[in-house]
1. With contacts defined as alpha carbon pairs under 8 Å and 6 or more residues apart, what's the relative contact order of the chain in percent?
2. Please list the non-local residues whose amide H lies under 5 Å from the amide H of ILE186, H modeled 1.01 Å from N, same-chain partners needing a gap of 5 or more.
3. For the chain, set up a GNM with springs between Cα atoms under 10 Å and report which of ALA229, ALA125, ALA95 has the largest fluctuation.
4. Could you give each residue of the stretch 90-97 its phi-based ³J(HN,Hα) in whole Hz, using Karplus coefficients 6.51, -1.76, 1.60 with θ = phi - 60°, and x for Gly or Pro?
5. Quick check on the stretch 171-342: take the gyration tensor over C-alpha atoms, sort the square-rooted eigenvalues as a ≥ b ≥ c, and tell me if it's rounded (a/c under 1.5), prolate or oblate.
6. Please check: in the Gaussian network model of the chain (C-alpha springs, under 10 Å), which one of ASP162, ASP183, ASP260 has the largest mean-square fluctuation.
7. Run lengths n ≥ 4 of DSSP H only: what is the helix-derived mean residue ellipticity at 222 nm for the chain, with -39500 (n - 2.57) per run over all residues, to the nearest 500?
8. Scan around LEU264 for amide H atoms under 5 Å from its own, H built in the peptide plane at 1.01 Å from N, and keep only partners 5 or more places away or cross-chain.
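Each value in this text was obtained by applying a stated rule to the coordinates, not by laboratory testing. Computed from a predicted structure; not experimentally measured.
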Amino acid sequence: MHVVHGLRSGGMELGVVKLVNRLDPGRVRSAICSTTPAASSLKKELPPAVSLFELHRRNGNDPGLVWDLYRLFRRERPHVVHTHAWGTLVEGLVAARLARVPVVVHGEHGTLQLRAHQRWVQRRAWASVDQLLSVSSRLAERISRETRFPLARIRTIRNGVDLSRFGHLPRQAARAMLSLPADARIAVAVGRLVPVKDHITLLEAIVAVRRRGVNVSLAIAGDGPLRSALVERAAALGISNDVYFLGHRGDIEAVFAAGDLFVLSSASEGLSNTILEAMASGLAVVATSVGGADEMVQDGITGVLVRPGARDEMASALAAVIEDDVLRHQMGTAGRARVEAEFSLSTMVERYESMYVELAARNAASIYRRQSDASIVERQGAA
C-alpha cells in the first residue's frame, strides 16, 4: 500500500500511478492511500484492481492521522507499506509499526526538510524503515551529506518514462490542440505552480532572452497556488502576450510535442519526470542542475545545465539553443536515445517489483504469521 499526502497531479504522484498500473498483479497487488482527497483526474487512471483509500488529514501535524492509518492497515493487512516524502514519513511509519505491518519502505523524491529538528526526525525515521529509497544518486548523496544518514543504506531506483506515449505527435497538430501560434519559437515548461519550481526566474530569463533580440515564447503547463501571481508577474514584465498558461493538462504529450525546447527552472528536484518526458519527446533541455538533472541531461550533448536561480545563465542557454536549429535537433535526438537506453518505464517497474518481492521474502515469517492470524479470525467469525 502506497501512502501519499495527496494523490494529485504532481511528478511523484503520477509516478506512483504509473508504477501501480504496471506492476505484475500476479506478484504484487497494489493499493494507494491518499491522506487528503484525491484528484478526480488521477482516480480515473487507476484500474479497478488498485484500491484507493482517501483520508481527511487536517493541515499541519495531525495526530489523528496515525489512528486513521493504523485502522486502515489493520483492516487491509498489507505486507508492505510504502510511504512517500516528508508528508507521510512519520505518521505512516508509526501507524505501520503499531499495526505490525511486516515491511515498511520510504521513498524520498527531492525536497528535504532541513531544519535542525527535522533532520533529527528524518534520520530516526529513515533508520527505522526496512528500506530507504531515492530517485537519483545525487539525491541520495544529498540526503547523506545534509543529514549524516549512511549512504550505503539508501537504495536508488531512478524514475522511468513510457516511451510509447511521447515523441509521436506532429508539432503543428499539437500546437493546434493547445491554441499556440504555429510559427513561434516556443520553450515549454511543465510542473506545478509552486515556489520550488521557481517560475519567477524563468519569466525573467525569457525577458532577458527577448532583450537580446531573440524571439521566444513560453508555454507553461501546470496549475497551483502561484498561478495568479505568475500571471501578474508576466504582465509586469511586459510579456503577457508571449507567455501561455495552459493549466493542468491530461494530454501532456501534446505540450512537449508543441515545443521547440524544454526548460526546467526548479530550485530542487529528485529525478524530474518532466525532463525524462521531454527527452523522450525529442526535445533539447535547458535545466537547473539540481537533484539528478546531471544523471539525465548530458551537458552540451542532450541539453544545457545551469545553476538554480541564475537568470542570466538560463537566458544565455535558452538563446543559444533556440537560435541553433541544428544543435537543437542533435540534442533532441541524443536525448531520446539516452532515455531509451537508461530510463525506460519497464526498467523502473522491474526494479520496484524485485525490491518488493525481495523484502517480502526477507520478512516471510512475519507475513506468514499475519496470514495465519487473519485465517483464524475469519474462521472464528464464520463459526
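1. Working: 705 pairs, mean separation 59.9, N = 383.
Answer for the chain is 16 percent.
2. Residues meeting the criterion, in which the H sits 1.01 Å from N, are SER217, ASP260, LEU261.
3. The residue with the greatest mean-square fluctuation here is ALA229.
4. 6, 4, x, 5, 4, 4, 5, 5
5. Rounded shape, in that the Cα axes give a/c under 1.5.
6. ASP183
7. The helix-only estimate for the chain comes to -15000 deg cm²/dmol at 222 nm.
8. Residues meeting the criterion, in which the H sits 1.01 Å from N, are VAL286, ALA287, THR288.
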